[in-house]
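**Student:** Got a structure for you, questions after.
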């Protein structure tokens with residue numbers, strides 16, 4: 001026992017300093033202590049004490065009743081007399097000599113290469129050096145420094161956030177934070193953290209950190225947390241997330257502790273897992289698939305939803321997940337989704353064929369008109385409109401009335417071809433995950449990515465070349481929206497009337513809007529005084545127009561083609577009306 005005690009005393013001497021170590025030897029009892037925490041009036045009973053910070057070593061080799069004399073090995077001499085005659089406990093010793101507590105300590109993040117002396121000098125420049133009681137290095141590359149009182153700690157940390165060591169600033173904080181951990185319960189998870197923080201600030205609650213969600217653990221405590229979190233959700237609910245768990249239940253090839261935890265959670269009959277064993281993640285390094293994204297919902301609504309993972313990654317390492325609601329929510333399908341307006345694709349028009357077709361049909365129309373002179377003007381107009389539409393249908397393709405994802409101006413046939421080649425290679429790799437197929441799939445993916453970037457760059461250059469000081473702001477913003485794939489959808493899917501009636505059919509929506517606009521612009525909304533002024537002004541304007549028409553008979557002449565041609569040539573693409581005829585630019 002003797003050599004072991006000597007070795008520990010030697011280590012303590014190195015840690016605390018040779019001038020601050022005293023050894024006690026009497027009757028087989030040896031003790032090492034720091035004079036900072038023990039004075040000459042301190043008495044100790046022969047017990048073994050272990051205190052991690054600050055270090056105190058008491059090694060008991062023999063519990064015989066002997067008087068302990070202290071042999072000083074430092075400038076500070078301490079005597080301990082009559083241990084048997086004056087028995088004392090460790091708590092009593094702490095009462096006679098103040099011992100630093102954790103609320104008297106500060107913590108400093110350390111930097112490699114800076115000695116501990118520099119930290120002491122830096123703190124000593126902010127407070128009296130005599131206030132520093134103890135310093136030591138602790139875990140996570142930190143320095144812990146004990147001061148004389150917690151008041152000094154509070155004053156130091158409130159007035160100084162950092163200390164300066166050379167050109168380096170290091171943060172300091174109390175070892176025991178004044179902030180308390182707060183758990184917000186019964187809060188819907190969809191509420192943003194920012195709103196909660198604002199409400200707490202309004203209640204004069206000072207936040208020491210940002211709000212975060214509690215993490216699900218792997219123990220029973222973690223399971224309890226998940227269940228309490230579920231009870232906070234509104235019912236019915238859909239809960240989705242990357243739970244990073246593996247279990248055969250949702251298509252994994254192995255099972256882990258987190259997977260067992262989720263399996264126990266899913267034993268609740270009120271909960272249903274929507275996953276159908278399709279992979280949700282692709283590890284590009286190991287070319288492996290896994291199912292780590294789970295979708296959980298209330299059992300009462302599980303039969304209303306279908307769950308599918310996309311077959312394509314779309315540039316990510318996670319497959320997009322589509323959860324579709326099978327339950328109709330509206331009496332009519334949304335018009336903006338079911339029936340998109342049909343447009344002419346003028347960029348793909350065969351104008352030579354259109355010109356030939358319409359010329360031939362117009363000749364036939366002339367012969368019909370000469371033989372049927374009794375046909376009224378409306379019939380002739382309808383016949384001519386049909387000729388234009390028939391010629392356009394034969395020469396100009398149309399868009400589909402199905403709902404499509406947003407289109408961007410840089411997309412072209414080369415992008416489509418490279419994307420299709422990449423999709424085919426990836427689909428082949430999923431069926432046959434060999435090294436050769438993996439290399440081929442990666443090559444085609446890089447080719448597609450490079451093609452997309454080149455087309456984006458070219459499209460942006462073309463857009464910049466068309467912008468100058470005279471370009472209208474509206475045109476610039478429209479082109480920017482096109483680049484981002486943002487389109488204006490003028491179709492209103494649903495409308496709620498002032499009496500809370502839901503209208504979804506396009507005819508009902510149009511009639512309601514028309515009646516609302518008519519009521520708002522009706523003369524009944526004007527005051528009597530304004531009506532008199534309006535009627536008087538209107539009659540004067542009508543008299544002036546009547547005089548101008550009579551004095552300028554040319555205004556009554558029929559409109560000539562030469563008058564319309566300049567406006568047709570300078571016009572822009574317009575949305576076709578009920579006759580489906582537009583004016584191309």
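Every read-out reported here was derived from the displayed coordinates using simple, explicitly stated rules and does not represent laboratory data. Computed from a predicted structure; not experimentally measured. Cβ atoms come from the backbone with ideal geometry, glycine included; neighbour counts cover every protein chain shown.
**Student:** Order 165-177, 236-248 from most to least packed using the mean count of other Cβ atoms within 10 Å.
**Tutor:** Result, highest mean first: 236-248, 165-177.
**Student:** Additional query: Decide, for the range 405-515, between rounded, prolate and oblate: order the square roots of the alpha carbon gyration tensor eigenvalues as a ≥ b ≥ c, take rounded if a/c falls under 1.5, and otherwise choose prolate if a/b is larger than b/c, else oblate.
**Tutor:** Oblate, since a/c reaches 1.5 and b/c is not below a/b.
**Student:** In which sequence would 542, 197 go, from the one with the fewest C-beta neighbours within 10 Å to the one with the most?
**Tutor:** Ordered by Cβ neighbours within 10 Å, fewest first: 542, 197.
**Student:** Cut-off is 10 Å between beta-carbons; in what order do 145, 482 appear when sorted fewest neighbours first?
**Tutor:** 482, 145
**Student:** Let me ask something else about it. Label residue 169 and residue 483 with points 7 Å out from Cα along Cα→Cβ: what is the distance between them in nm?
**Tutor:** 3.8
**Student:** Same structure, new question: For the range 437-483 and the range 415-435, what is the separation of their Cα centres, given in Å?
**Tutor:** Computed from Cα coordinates, the inter-centre distance equals 24 Å.
**Student:** Just report the Cα centroid separation between the range 272-332 and the range 500-530, whole Å.
**Tutor:** Centre-to-centre (Cα) distance: 45 Å.
**Student:** Compute the length gained on full extension between residue 139 and residue 470: take 0.36 nm times their separation in residues and subtract their Cα-Cα distance, giving the result in nm to one decimal.
**Tutor:** Using 0.36 nm per residue and subtracting the Cα-Cα distance, I get 112.6 nm.
**Student:** Residue 527 versus residue 383, label points 7 Å from Cα toward the beta carbon: distance in nm?
**Tutor:** 5.9
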